[in-house]
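Working notes, beginning with the structure itself.
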Amino acid sequence: MASEDEARNILKDSLLDKHFAEQARKQGLDTLPLVQRALALRREEVLIDWHVQSEVGQDLVRRARRKLEETSRESVVKSTEFQLQQAFVSRDEPNARALIKSISRDLKDNAPRRSFAEVLSPYLEVSDKSDPIAGGRITNADFDMGWHELADIELRFRPFLEGSSAGDIFGPLRLESGWIFLTVVDKRQTNEISTDQTRNFREAIVAELTDPLAQGVGIDSAPKSTLIRVPPSSRAATELATASLAPLVQEMGGLFQDLASPLLDGERPITWQQRRERHRRLAGQIWDMLGDERPDALLARLSVIEDRLLSRLQARALAAARVGKTQVTDAALNRIYQQNIERFYVPAQIQLRQIFLSSDAYSDTEVKTIHGQVLLDPRNFDAIALDVNPRESNIGSDGQGKLIELRDLDPALFKVMLTLEVGEISEPITSRRGSHIVLLDRFIPASVQSREDVRGKLIDLHKGELVLTKERQLKASLMRKVVVY
């Protein structure tokens, strides 16, 4: 049962979302192609979830769950969920180190056994008449994080939570931009699937609903409504629309990058577009099925999800405008470089050409014969490689081997590459697929990009940090001004 203060904060959040969303609409933020796609996607998810919860029989849900487990081996059996609370102290806060020491002492000396929120509340209170407390103030706190499966929690926090009990407190735990205190309010066993699995489970449900064999669920084959739809775009149109947003995406970062990633991911545009179209069609059919008397609760849910997205985008836009053309100091760049050093790690790479002889097509004797021919005249290496299996030759248009990360090689090849000299032709290497005769052109050791080489990325990361900080400050300032009776 939520306390009165928690209920007030929920109402404040809702009013703040409506406020920002209204501003976003006035400025035309909701008309941007990228935002329209994101809004449409969220509406579709709400409609599909609504339909599954209210209309779809449990037999279809069970069938989708079985297929999900069979195809992806994802477990949907019982797992542990944690109800958490957290408080974050930014490194930029005045007297940040003194503050975390003070909080740690108060949590340790909590003799009356007050709750986590009660202990930390004094560090959140703000009064216009009083100076900041000696130790500083908490940057942000979330006393209503809800329930989370262990798999959904950041990897670095999992070891603390795995053996925890209700009431355990951890911190201060070091983050890139500050410190966090974390407490376990409660834990439970659940049959619910995790957040990571939710998208896959929804996709399995959609597959069942759109399967011609799925009868009796009220889904027709031809969509009629256009209310929630954004017309599917070709790859060229998508690239054009995204390119026009490039400056905005770069300036605002964060959330805009998240929205753009499915469109910009060159590895999966076809799969993503196909899935997107299937969801779009199904959601349109569900909307048509509801007719003119659509449930008020559903309309309210659609409105909330739209306001929430537009609110986040508007807050991000306002914060980005306030950051503007902030100058970045060398000290700040060096700090961000050290904090994100793993981003700039370049793994070892090699350039190689190979003659690949499939075990299905070539006997051991034939492999030895071809290897002998190559050793007699190494100049024929490329011709033989292109003749026996051009697709596996790894020869580029310049006649050199294509770059490959060492860690991506077959284990059998990986071991040999660590001992082979540049320009040397290997003995036949046996893998699970066949035999490889390899010529090493170049070996590039692992390295870390220099700070100057990634200066542009560091500036973007720094401005992204500033935008997030300004966004938090903006919301916190407005939250204090909102009065709920």
Task: Close pairs (8 angstrom Cβ cut-off, 6 or more residues apart or separate chains): small (Gly, Ala, Ser) in segment 438-462, assigned to a loop (DSSP other than H, G, I, E, B) and surrounded by 14 or more Cβ atoms within 10 Å (Cβ to Cβ) anywhere - done: Ala446/Ala348
Open item on the list: Whether any residue in segment 421-428 is in contact with a His (Cβ under 8 Å, 6 or more places away or on another chain) and of a type in the set (S, T, N, Q) is what I want to check.
Closed with: yes
- [ ] Taking Val448 as the residue in question, decide whether it is among the aliphatic types (A, V, I, L, M) and more than 35 Å from the chain's Cα centre (by Cα).
- [x] no
Open item on the list: closer than 21 Å to Glu55 by Cβ, surrounded by fewer than 20 Cβ atoms within 10 Å (Cβ to Cβ) and either at pLDDT 80 or above or not aromatic (Phe, Trp, Tyr) (or both): which single residue out of Ala331, Ala300, Ala321 fits that description?
Closed with: Ala300
Open item on the list: So, in segment 87-123, how many residues would count as being closer than 10 Å to Gly178 by Cβ and without any contact (Cβ under 8 Å) to a residue 12 or more places away in the chain?
Closed with: 0
Open item on the list: Taking the conditions exactly as written (farther than 30 Å from Ala320 by Cα and touching a residue at least 12 places away in the same chain (Cβ under 8 Å)), does Ile425 satisfy them or not?
Closed with: yes
Task: Restricting segment 456-485 to residues that are of a type in the set (Lys, Arg), surrounded by 13 or more Cβ atoms within 10 Å (Cβ to Cβ) and out of contact with any strand residue (DSSP E or B) (no Cβ under 6 Å at 6 or more places or on another chain), the residue that is nearest to Asp360 (Cα to Cα) - done: Lys457
Task: Output for segment 63-102, where each listed residue is modelled with pLDDT under 75, more than 24 Å from Arg276 (Cβ to Cβ) and not polar (S, T, N, Q) - done: Arg66, Glu69, Glu70, Arg73, Val76, Val77, Lys78
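The values are calculated or read from the model by the stated rules, or taken from the named source; none is laboratory data. The structure displayed is predicted, hence computed values, not measured ones. Glycine also receives a Cβ, built like all others from the backbone with ideal geometry; neighbour counts cover every protein chain displayed.
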